Structure formats: structure tokens, C-alpha cells
Amino acid sequence: MSDPEPLCTGYEDTAGLSRRSFLNKLGMGFGSLALTDLVNPVSALDPSALLSSTHIAPKAKRIIFLYQSGGPSQMDLFDYKPRLNAEHGQELPDSVRQGQRLTGMSTNQSSLPLAGSPFTFDEYGESRALLSSALPYTAQVADEICFVKSMYTEAINHGPGVTMMQTGSQIPGRPSFGSWMSYGLGSMNDNLPSYVVLKPKTGGGQPLTSRYWDAGFLPGKHNGVQFRADKDAVLYLNNPQGVSRRSRHAAIESLQAFHERQLAETSDPALENHIAQYEMAFRMQASVPEVTDLSGEPQSVLDLYGPDATEPGTFAANCLLARRLAEKGVRFIQVFEKGWDAHGNLPANIRNQTKKTDQPSAALIKDLKIRGMLDDTLVVWGGEFGRTNYCQGKMTADNFGRDHHPRCFTMWMAGGGVKPGYSHGITDDYCYNIVQDGVHVHDLHATMMHLLGINHERLTFKYQGRHFRLTDVHGHVVKPILA
């Protein structure tokens with residue numbers, strides 16, 4: 001029997017020497033880097049990348065994740081269920097609920113009345129995708145989108161749910177998806193981080209904390225870097241008053257020489273990480289102001305993204321900035337939007353949320369396609385779970401709320417090797433349970449990694465005596481959605 005295929009693990013796991021010391025001591029030098037450049041130009045640009053070549057031919061070079069925090073309501077946006085309208089106000093059948101646990105916000109309700117959608121649905125495009133009247137702009141790009149209507153998760157509350165979607169675990173402390181990509185594939189631009197996070201400047205909703213884009217037990221240089229909607233896009237990046245760029249460069253060179261000397265003596269990978277961070281910060285002083293300056297964008301592009309495109313920190317401005325970052329070679333761009341947690345006043349909430357997000361989401365797809373970037377850019381849209389088909393709280397003739405629902409919800413993807421104009425998975429007539437082709441969060445992650453050319457079972461990191469991976473011990477590539 002042949003030996004099992006080795007796991008792809010990092011230098012922190014396999015040797016006492018750092019990667020840099022290892023190359024120096026073996027005298028590989030520029031000759032090996034030249035050879036690597038022929039095999040995989042990206043790893044030559046970033047020697048810290050774990051994979052010298054991808055496991056399979058990648059379809060996508062980068063991912064833009066438009067994360068909708070709070071849990072968008074699937075039956076009011078994507079998953080049309082006329083039966084809910086026909087039985088509006090009637091009790092949720094026990095045969096449908098099947099004893100599923102509820103959150104503490106609706107478990108004490110004496111009644112769980114079904115709530116039909118206040119929005120109409122129509123077919124759009126050659127694919128005849130059914131979409132809500134709340135999504136007129138998404139409807140224009142329906143033939144570019146792959147809808148996954150059978151997502152499910154174990155998490156029933158926001159903190160664990162968002163953590164699960166970002167890191168593959170409900171328990172904080174694991175590396176985020178973007179950190180795994182940075183660790184495995186490295187950067188495509190030496191002057192920008194491989195993982196950038198864009199948050200809304202204002203708005204209510206569940207808090208978005210740094211653990212959602214943290215590198216966990218991976219080296220800290222793989223953390224997501226948050227770009228703020230401010231004159232200082234990255235905190236502490238600019239020089240203090242009275243310090244010139246030349247003097248800052250001299251200080252960094254001196255510090256680097258000190259760290260290099262320590263590195264030669266101790267072979268401590270943490271020192272190599274410090275060196276890389278200082279070097280990147282200095283280069284970002286020039287690159288970040290340039291990429292975040294939207295003033296040079298044509299009016300036609302600003303109009304495409306909508307009236308909020310010139311307001312920093314809005315979803316529209318962040319979508320436009322995400323496209324600019326993608327053009328510059330940023331590997332993983334996480335755009336967060338808050339406000340989808342509609343426990344009450346759901347009809348008005350959805351109108352407000354789609355007014356902010358519908359046009360920019362569709363504009364990003366159109367913009368990427370115009371620039372020839374959609375084919376190798378995977379755009380992902382969705383939240384941590386869906387909403388219940390029953391009303392939470394008081395139901396009136398024109399108002400109601402919905403609680404959290406992890407058993408089925410919808411996400412969509414576009415570009416980057418997924419099948420356009422396609423709908424995957426089926427839920428029951430009540431939009432409560434999955435009846436065909438369920439897709440777990442781990443399956444989603446496995447598929448996203450596959451599109452980047454990575455076998456999700458082989459990108460691992462040894463921590464506390466165990467090999468960890470993003471998908472833990474689960475996950476299957478969802479092959480029917482691949483183009």
C-alpha cells in the first residue's frame with residue numbers, strides 16, 4: 001500500500017527553521033524562486049504563500065463576499081412560496097415544524113401564525129428566475145446568478161451564526177475564510193493586504209467584531225485588514241506629525257536589520273511575521289490612499305452603483321471600492337452590511353435594506369463583467385441564516401416580524417466558475433425544511449475553495465496537536481453549481 005498523500009501544512013508545523021532561514025541555509029536563493037515563478041507566478045510574488053501550486057486548475061482568482069449580517073428573509077426575496085400567502089394567519093403545522101427548537105424570542109409564543117410575503121414575485125431573464133419585487137436591480141442580472149436555495153446551518157443565533165459562516169465553526173478562535181486564503185495562496189499584490197474588510201460606517205443591527213476576520217491560530221499577517229470610511233483608511237498607517245516618509249523608511253530598515261539578526265539566531269517565525277508586517281505597512285502608505293480615492297471614477301460608474309456611491313462607508317461605496325481592490329489583486333474582499341435582523345416591522349425593513357443593497361450588488365456584477373473580471377472573480381451574497389415562515393410577535397394586517405431560521409435559507413453566487421442562471425436546491429411549500437440538495441456551510445466553503453483551485457481537505461494547519469482546516473472534518477464540493 002502506498003503512503004497516504006501528505007497534508008499541506010505550514011512551516012510553523014514542519015520544522016524548527018523559518019521558511020526564510022530554511023531557504024537561506026539550503027542555498028536555494030533566486031534559482032528556486034525563478035523556477036517557482038514558472039510554475040506559479042503568484043507564489044513567486046509572495047514566497048510566504050503555502051501552496052507552490054494549486055491542487056486543481058482554479059476558476060477564480062479572488063472572492064468578493066457581500067455579507068448581509070442579520071439574516072435576510074429568503075421567502076421575501078428569493079424563495080417564492082404562494083402557500084404561505086394562501087394560509088396567511090393559520091397555525092404552523094406540527095408536521096412541518098417537526099419539533100425544531102426555536103430561539104428564546106419566540107419559544108414562549110402561544111401561537112405561531114404563518115406569514116405570507118407582502119412582495120410580489122415575477123420571472124426574470126432567460127433563466128426565468130423568480131425574484132421579489134423588492135429586488136428590481138438584482139432581477140436585471142438574474143441570468144448571471146447561481147441561487148442556492150437550500151443552505152442550512154446549526155447556528156440559531158447571530159454570534160455563532162456569523163462566526164460559523166466566516167470561520168467554519170460556531171466557536172470563536174478559528175481562522176476566517178479570508179485568512180485561510182491568504183495563508184494558502186498568498187498575495188497577488190505586494191503593496192496591499194491579501195485580505196481586506198469593508199464595514200458600514202453607520203447603521204444599527206448586530207455588532208461586527210474583529211473576530212469575524214481574525215487569523216485565529218494562523219500567523220497574524222493573515223488577519224483581515226479593515227479599511228475605514230475615513231481620511232485614515234487604515235489606523236496608524238500614516239506617519240505621525242513631523243516624521244517624514246524618508247525617516248520612517250530608515251527606521252523600518254534599522255528595525256528589519258535587528259529582526260533579521262534575531263531571526264538568524266533563533267529561527268523564530270514570529271520575527272519573520274513582524275518583518276513582513278512592517279514592510280507591508282510602509283508600502284501601504286502609498287497604495288492605500290490611491291486605491292481608496294474614488295474621485296477618478298467616471299460619473300457613469302458612480303451612477304451605476306447608485307446615489308450613495310460617493311458617500312464613504314455606504315454599501316454602494318464599499319461595493320465600488322471592492323471592485324477597485326479586486327482590480328489591484330486583493331485576494332479576498334469582505335463587504336459587511338448590517339440591518340437584516342427583522343424581528344418586527346419586516347416589510348419596511350426589507351424595503352429599507354434592499355434600497356441600500358440591491359442596486360450596488362447588481363452594479364458590482366455588471367461592472368466586473370464590463371471589465372472582463374467576472375469570469376475569474378467569485379461574488380457571494382448572503383447572511384448567517386434565514387427567517388421563519390411564521391410571525392414573531394404581533395401580526396397585523398400589514399405588519400409582522402420573523403425570527404431566526406437556520407434550517408433553510410438562500411445565498412447567491414456569480415462569476416468565478418459557478419453556473420449562471422441556475423437555481424440549486426428545493427425547500428418545502430412552507431419554506432421551512434429542505435426537500436432536495438441541502439448545502440451546509442461547510443459545503444459552501446469547500447466549493448468556494450474548489451473554485452480557487454484548493455482541495456479543502458488538504459489545506460491544513462497543525463495547532464495543539466491536531467491538523468485543522470476551514471471545513472473541519474466535513475464538507476463536500478457542490479458540483480451541480482459548477483460551470
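The values are calculated or read from the model by the stated rules, or taken from the named source; none is laboratory data. Since the structure is predicted, the reported quantities are computational estimates derived from the model, not experimental observations. Cβ coordinates were reconstructed from backbone atoms using ideal geometry, including for glycine residues, and neighbour counts include every protein chain displayed.
Condition check ((1) in contact with a Leu (Cβ under 6 Å, 6 or more places away or on another chain); (2) under 30 Å from THR354 (Cα atoms); (3) of a type in the set (Gly, Ala, Ser)) across all residues:
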residue	(1), (2), (3)
ASP232	no, yes, no
LEU237	no, no, no
SER244	no, no, yes
GLN262	yes, no, no
ASN273	no, no, no
ARG283	no, no, no
THR292	no, yes, no
GLY306	no, yes, yes
THR314	no, yes, no
Does the range 94-102 contain at least one residue that is more than 20 Å from HIS343 (Cβ to Cβ), touching a Ser or Thr at 6+ places or on another chain (Cβ under 7 Å) and β-branched (Val, Ile, Thr)?
-> no
Of the listed residues (ASP376, ASP341), the one being over 26 Å from ASP190 (Cα atoms) and modelled with pLDDT of 95 or more is ASP341
How many residues are in contact with a helix residue (DSSP H, G or I) (Cβ under 9 Å, 6 or more places away or on another chain), among the small types (Gly, Ala, Ser) and either within 15 Å of ILE333 (Cβ to Cβ) or not in a loop (DSSP other than H, G, I, E, B) (or both) when one looks only at the range 348-400?
-> 5
Restricting attention to the range 194-203, does a residue exist that is crowded, with 19+ Cβ neighbours inside 10 Å, within 20 Å of the chain's Cα centre (by Cα), in a helix (DSSP H, G or I) and among the hydroxyl-bearing types (Ser, Thr, Tyr)?
-> no
Long-range neighbours under 7 Å by Cβ, at least six apart or interchain, first residue over 18 Å from SER53 (Cα atoms) within the range 168-188, second in a helix (DSSP H, G or I) and polar (S, T, N, Q) = SER169/THR163; GLN170/THR163; PRO172/THR163; ARG174/THR167; PRO175/THR167; SER176/GLN166; SER176/THR167; PHE177/GLN166
Select from the range 210-256 the residues that are outside any loop (DSSP other than H, G, I, E, B), without any contact (Cβ under 8 Å) to a residue 40 or more places away in the chain and more than 19 Å from GLN334 (Cβ to Cβ) and list them in ascending order.
-> ARG246, SER247, ARG248, HIS249, ALA250, ALA251, ILE252, GLU253, SER254, LEU255, GLN256
State yes or no: is LEU321 closer than 26 Å to LEU237 by Cβ and in contact (Cβ under 8 Å) with a residue 12 or more places away in the chain?
-> yes
Would you be able to tell me the number of residues in the range 55-75 that are of a type in the set (Lys, Arg) and surrounded by fewer than 21 Cβ atoms within 10 Å (Cβ to Cβ)?
-> 2
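Residue-by-condition table, conditions (1) closer than 24 Å to PHE461 by Cα; (2) of a type in the set (Ser, Thr, Tyr); (3) touching a helix residue (DSSP H, G or I) at 6+ places or on another chain (Cβ under 6 Å):
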site	(1), (2), (3)
GLY173	yes, no, no
SER182	yes, yes, yes
GLY203	no, no, no
ARG211	yes, no, no
ASP214	yes, no, no
SER247	no, yes, no
ALA250	no, no, no
PHE258	no, no, no
Taking only pairs six or more apart or across chains, which ones have beta-carbon atoms under 7 Å, a first residue in the range 260-289 that is under 30 Å from LYS231 (Cβ atoms) and part of a helix (DSSP H, G or I), and a second residue that is of a type in the set (Val, Ile, Thr) and at pLDDT below 75?
-> TYR278/ILE252; PHE282/ILE252
Go through the range 306-333 and count every residue that is among the polar types (S, T, N, Q) and farther than 15 Å from GLN68 by Cα.
-> 1
Do any helices (runs of 4 or more DSSP H) lying entirely in the range 76-151 carry at least 2 residues that are surrounded by fewer than 18 Cβ atoms within 10 Å (Cβ to Cβ), without any contact (Cβ under 8 Å) to a residue 24 or more places away in the chain and touching a Lys or Arg at 6+ places or on another chain (Cβ under 9 Å), and which ones are they?
-> none
Determine whether the range 390-405 contains at least one residue that is small (Gly, Ala, Ser) and modelled with pLDDT under 95.
-> yes
Test result for PHE258, surrounded by fewer than 17 Cβ atoms within 10 Å (Cβ to Cβ) and in contact with a strand residue (DSSP E or B) (Cβ under 9 Å, 6 or more places away or on another chain) = no
